[in-house]
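Only one structure is covered here, and it is reproduced in the block below.
The values are calculated or read from the model by the stated rules, or taken from the named source; none is laboratory data. The structure presented is a predicted model; accordingly, all values stated were derived computationally and were not measured. Using ideal geometry, Cβ is built from the backbone for each residue, glycine included, and neighbour counts are taken over all protein chains shown.
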Amino acid sequence: MFVSFVLMSLVVFTTIVLGIIFNNKRVMERVNSPVKVGKRTLGINMVSLFSFMTFAILSLIPDGHAFAATTSSVATSVTANINHGLPYIGAGLSTGLAAMGAGIGVGIAGASGIGAVSEKPDMLGRTLIYVGLAEGVAIYGLIISIMILGRV
């Protein structure tokens, strides 16, 4: 479990460092297409995050010998080991994925809203509603994770 924690921390640290590097104007002047680089970096980070999450879930399952045993105490300990970490992973996934979806939605709605407000200033209220609806997705994910953690 420690190894998966270190690997996931490495992914988060790498994401922060890449964000700082790509925020530099000199670096972005050298890059031909910043959109392609950003999409590729996001894809690599997502693949590594999900692979480390899979590794973390698999590390919660004990060795295969416990499944072959017929005693109820071993089966109870296996169930306890699996149920001990999976709610936390589920809560993290619900919050994280909802926040990423909300970020994408806010980015799209915000960019479109700025374009609409620049042409018609009286559209500001409507565009703020659309951005707020996109932000609501993150709040729903947070509520789901609180409900999951309430049962642990």
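For the criterion of being at pLDDT below 70 and in a helix (DSSP H, G or I), Ser9 fails. A single member of Gly43, Gly141, Gly38 is modelled with pLDDT of 90 or more and either surrounded by 14 or more Cβ atoms within 10 Å (Cβ to Cβ) or closer than 26 Å to Val6 by Cα (or both), and it is Gly141. Is it fair to say Ser112 is farther than 21 Å from Met46 by Cβ, out of contact with any strand residue (DSSP E or B) (no Cβ under 9 Å at 6 or more places or on another chain) and at pLDDT 90 or above? So Ser112 fits the description; yes.
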